[in-house]
Structures are given as structure tokens and as C-alpha cells.
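Enquirer: Quick one: the structure is below, questions incoming.
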Amino acid sequence: AQTIHQWPVAEIKAVGSPLSLGCTIKGKSSPNLYWYWQATGGTLQQLFYSITVGQVESVVQLNLSASRPKDDQFILSTEKLLLSHSGFYLCAWSLHNYEQYFGPGTRLTVL
Amino acid sequence: GDSVTQTKGPVTLSEGTSLTVNCSYETKQYPTLFWYVQYPGEGPQLLFKVPKANEKGSNRGFEATYDKGTTSFHLQKASVQESDSAVYYCVLGPGGSNAKLTFGKGTKLSVKS
């Protein structure tokens with residue numbers, strides 16, 4: 001069975017500090033991977049997607065970047081956090097561009 | 001572009017009563033429609049999907065019919081339970097080369113015993 005793991009579970013960071021969030025999918029070969037952002041009480045917004053290792057496409061510019069260093073790993077990062085980066089970050093996977101399955105999320109608070 | 005409009009929450013119901021969450025969508029593509037459910041502090045879970053127009057999806061007592069004529073996909077449940085308390089999202093997709101999912105704003109349901 002496939003599992004999706006996100007780390008860390010939660011982060012509290014200062015404005016201007018760097019950030020790295022991770023996501024690992026086990027049990028699926030060559031999935032499509034996605035990063036979403038959800039403001040507190042808000043809906044989900046897709047940030048990035050990746051179809052293959054080393055290839056990432058940006059959907060929304062939020063001063064964030066993403067990388068896919070391995071088939072089963074997706075990283076979200078920035079060198080300088082903004083207050084507006086606070087929220088819930090969700091990683092998701094799919095096969096063949098069909099339904100997407102979400103991870104447990106990382107709660108980010110920027111102070 | 002694609003858009004989804006759903007019942008504005010929050011919605012509060014008593015256990016055993018019926019639920020309807022309205023959802024309408026706009027797209028120029030041939031989408032699959034989904035309902036996702038999100039519990040506090042968790043990622044959204046797929047409730048069910050309906051890939052074809054005029055077909056019904058169902059799971060855990062929830063159901064919705066993909067009505068292409070009225071571009072609607074209303075979520076219904078005959079008798080809600082306290083455990084159904086969550087946020088429900090009507091979702092349109094996947095669309096475009098990025099398989100983008102377009103989420104509605106979500107409807108928060110609270111069920112009181």
C-alpha cells in the first residue's frame with residue numbers, strides 16, 4: 001500500500017529565515033507530485049507539480065521553489081520567509097493525472 | 001478559467017437530519033468531478049469521484065450526481081452523524097497539463113448530537 005509522509009509536522013519560523021519542507025511517497029513508482037498551500041480557514045491552491053525526477057513546474061508564484069531530487073521525494077523551500085507564507089502545506093500524488101491523494105500536511109507559522 | 005461555487009458555510013445540523021451541499025462549476029473542458037472531505041488538522045481525503053456526466057458517485061452514505069446539463073454536482077446525505085463533521089470541498093479536475101484541481105471554497109459542516 002502507498003504511504004505519503006510529510007516533514008516536519010509543524011514549524012514556527014521567523015520572517016526572513018529559510019525554509020525546507022519535505023514529502024516522501026512510498027509504494028508508487030513514478031507518481032505525479034504536487035504542492036498545495038492552504039491559508040487558515042481557506043481553500044487549497046496548487047503551487048507546483050512534477051511529473052518526473054528533476055522536473056518541476058510552477059503554478060503560482062509565492063516566492064517559493066520546489067525540487068524533486070528523487071522519484072519518491074518532493075521538496076518545497078525558500079531562502080526568505082514572509083508573513084504571508086503562514087498556512088498549511090500539503091503534498092499530493094496521483095497516477096496518470098487522475099485523482100490526487102494528499103499527505104497529512106505541515107503547519108507553518110511565520111512570526 | 002475553471003471555477004467552482006459551493007454552499008457557503010458553516011452549516012450546522014442535528015444528527016439524523018439530511019444534508020445538501022450545493023455545488024456548481026464552470027469549465028470548457030470535460031472534467032472529472034470530485035468531493036473531498038477534510039478533518040481538522042489533516043489533509044483532504046477523496047470522498048468519491050465521478051468521471052462521467054450524468055453518473056452518480058457515492059461513499060459512506062454520501063452521494064452526488066454529475067449533471068452536465070445544469071453544471072451541478074450537489075452533495076447529499078440522508079442522515080448525518082456527528083462523525084461527519086468536517087469541511088467538504090467540491091473539486092473540478094484534473095485540467096490542463098498540470099492536472100490542476102480547482103477547489104471550491106469549502107463548506108464546514110458541524111453535526112450536533
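Enquirer: Of the cross-linked pairs B:Lys28/B:Lys56; B:Lys52/B:Lys100; A:Lys26/B:Lys28; A:Lys28/B:Lys68; A:Lys13/B:Lys8, which ones have a Cα-Cα span greater than 29 Å in the structure shown?
Expert: Check vs 29 Å cut-off fails for A:Lys26/B:Lys28; A:Lys28/B:Lys68; A:Lys13/B:Lys8.
Enquirer: Right, next: Report the accessible area of A:Thr24, computed with a 1.4 Å probe over the heavy atoms of all protein chains in place, in Å² rounded to the nearest 10.
Expert: Estimated to the nearest 10 Å², A:Thr24 gives 20 Å².
Enquirer: Measure off 7 Å from each Cα along the Cα-to-Cβ vector at B:Lys105 and A:Ser84, then give the distance between these two points in nanometres to one decimal.
Expert: 2.0 nm
Enquirer: Next question. Could you grab the Rg to Rh ratio for chain A? Cα atoms only, Kirkwood for Rh. Before the final figure, lay out each step's value.
Expert: Values: Rg = 13.1 Å, Rh = 13.9 Å.
That ratio is 0.95, to two decimals.
Enquirer: Considering only protein heavy atoms and a probe of 1.4 Å, how much of the accessible area of chain A is carbon and sulfur, as a whole percent?
Expert: After summing per-atom areas, the C and S share lands at 56 percent.
Enquirer: Students sometimes get this wrong: rank A:Ser29, B:Ser79 by accessible area, probe 1.4 Å, all chains present, largest first.
Expert: Numbers: A:Ser29 95, B:Ser79 45 Å².
Ranking A:Ser29, B:Ser79 by accessible area, largest first, yields A:Ser29, B:Ser79.
Enquirer: To continue, here is another question. Roughly how compact is the stretch B:39-82, stated as its Cα Rg over 2.2 N^0.38 Å to two decimals?
Expert: 1.30
Enquirer: Can you give me the Cα centroid spacing of the stretch B:1-75 and the stretch A:32-111 in angstrom?
Expert: Using only Cα atoms to place each centre, the spacing works out to 24 Å.
Enquirer: How much of B:Glu82 can a 1.4 Å solvent probe reach, expressed as accessible area in Å² and rounded to 10?
Expert: 100 Å²
Enquirer: With point charges of +1 on the Cβ of Lys and Arg and -1 on the Cβ of Asp and Glu, referenced to the Cα centre of the stretch B:1-111, which listed residue (B:Gln81, B:Leu109, B:Ser24) lies farthest in the positive direction of the dipole?
Expert: B:Ser24
Enquirer: Mind checking the per residue accessible area of the stretch B:1-84 for me, 1.4 Å probe, whole number of Å²?
Expert: Value for the stretch B:1-84: 54 Å² per residue.
Enquirer: Ok, one more. Could you compute how fast the protein assembly as shown diffuses translationally, taking Rh as the Kirkwood radius over C-alpha pairs and applying Stokes-Einstein at 25 °C with viscosity 0.890 mPa s? Give it in µm² per second.
Expert: Answer, rounded: 136 µm²/s.
Enquirer: Subtract the Cα-Cα distance of A:Thr40 and A:Ser77 from 0.36 nm times their separation in residues, and report this length gain in nm to one decimal.
Expert: Answer, rounded to one decimal: 11.3 nm.
Enquirer: Subtracting the Cα-Cα distance from 0.36 nm times the residue separation, let me have the gained length for A:Thr24 to A:Arg107 in nm, one decimal.
Expert: Extra length available between A:Thr24 and A:Arg107 comes to 28.2 nm.
Enquirer: Return the value, in Å² to the nearest 100, of accessible area buried between chains B and A (probe 1.4 Å, both sides summed).
Expert: In total, chains B and A hide about 1600 Å² from solvent.
Enquirer: For A:His5, B:His74, give me the order by solvent-accessible area with a 1.4 Å probe, most accessible first, ignoring ligands, DNA and RNA. Present the calculation step by step, with values, prior to reporting the outcome.
Expert: Values: A:His5 105, B:His74 65 Å².
Reading off the accessible areas and sorting them downward yields A:His5, B:His74.
Enquirer: If one computes P(r) from the Cα atoms of chain B, what percent of pairs lie at distances over 22 Å?
Expert: So the pairs more than 22 Å apart make up 27 percent of the total in chain B.
Enquirer: For chain A, what does the relative contact order come out to in percent, with C-alpha contacts under 8 Å and a separation of six or more? Each step should come with its number before you reach the end.
Expert: Details: 275 pairs, mean separation 39.0, N = 111.
In percent, rounded to a whole number, it is 35.
The values are calculated or read from the model by the stated rules, or taken from the named source; none is laboratory data. Since we're looking at a predicted model, the values are computed, not measured. Note that we place each Cβ from the backbone using ideal geometry, even for glycine, and neighbour counts take in every protein chain shown. These accessible areas exclude ligands, DNA and RNA; they are computed on the full protein's heavy atoms, side chains included. Shrake-Rupley method; radii C 1.70, N 1.55, O 1.52, S 1.80 Å.
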